[in-house]
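Engineer: So that we are looking at the same thing, I have put the structure below in structure tokens.
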Amino acid sequence: QVQVSESGGGSVQPGGSLRLSCSVSGSFSSISAMGWYRQVPGKQREFVASAISGRGANYDDSVKGRFTVSRDDAKNAAYLQMNSLKPEDTAAYYCYADLQIMAGWVPQDYWGQGTQVTVSS
């Protein structure tokens, strides 16, 4: 059984920084991508950043230059370094892992439970 877990959320003042962590545990063959989405109440979940094996990182325009996504494949982990945070970054942040349970199987997305980030003075 695969589990995705996030940590590192919290409250910070505008201009501050936070680092989110995500880890994948359980039995699986490989991870092709890991990334982050965020969601505020009443709105759809929106893409933030992703790190795709062999293709590098992608970011939503709203976070480019402020957020950095990275992976540690040895630890089956991903991180989101968030700098220069703004009140509009306030949301629940969800980590996902696109992975194959068995080699040759179609990759599927697995999601964490979310971690809250609040940016307020």
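Engineer: Taking every DSSP beta bridge that has both residues in the chain, what percent is antiparallel when rounded to the nearest 5?
Structural biologist: In the chain, DSSP labels about 95 percent of beta bridges as antiparallel.
Engineer: If the cut-off is 16 Å between C-alpha atoms, which aspartates and glutamates fall inside it for LYS43, apart from same-chain ones fewer than 8 positions away?
Structural biologist: List returned: GLU88, ASP89.
Engineer: While we're looking at this one, here's another question. Of PHE67, PHE28, which has the most accessible area and how do the rest follow, probe 1.4 Å?
Structural biologist: Descending order: PHE28, PHE67.
Engineer: Further, regarding this structure: Within 15 Å, Cβ to Cβ, of SER62, how many net charges do the neighbouring residues add up to if Lys/Arg are +1 and Asp/Glu are -1?
Structural biologist: Neighbourhood net charge equals +1.
Engineer: If you take every residue apart from SER29 with its C-beta less than 14 Å away from the C-beta of SER29, what net charge results, scoring Lys and Arg +1 and Asp and Glu -1?
Structural biologist: Here the count lands on -2.
Engineer: Summarise the long-distance tail of P(r) for the chain by giving the % of C-alpha pairs beyond 23 Å.
Structural biologist: Pairs farther apart than 23 Å: 27 percent.
Engineer: Over region 38-100, one equal point on each Cα, no solvent: what is log10 I(q)/I(0) by the Debye formula at q = 0.16, 0.17, 0.27 Å⁻¹?
Structural biologist: -0.56, -0.63, -1.35
Engineer: Relative contact order for region 1-61 using alpha-carbon pairs under 8 Å, separation at least 6, rounded to a whole percent? Present the calculation step by step, with values, prior to reporting the outcome.
Structural biologist: Working: 74 pairs, mean separation 14.3, N = 61.
Relative contact order for region 1-61 comes out at 23 percent.
Engineer: Looking only at PRO87, PRO41, PRO107, which one moves most when the chain is put into a Gaussian network model with springs between Cα atoms under 10 Å?
Structural biologist: Result: PRO41 has the largest fluctuation of those listed.
Engineer: Rounded to the nearest 10 Å², what accessible area does GLU88 show when all protein chains are kept and the probe is 1.4 Å?
Structural biologist: In the full protein context, GLU88 sits at about 120 Å².
The values are calculated or read from the model by the stated rules, or taken from the named source; none is laboratory data. The shown structure was predicted, so the numbers you read here are calculated from the model rather than taken from an experiment. Here Cβ is always computed from backbone atoms with ideal geometry, including for glycine, and neighbour counts include all displayed protein chains. Keep in mind that these areas ignore ligands, DNA and RNA; they rest on the heavy atoms of the full protein, side chains included. Shrake-Rupley method; radii C 1.70, N 1.55, O 1.52, S 1.80 Å.
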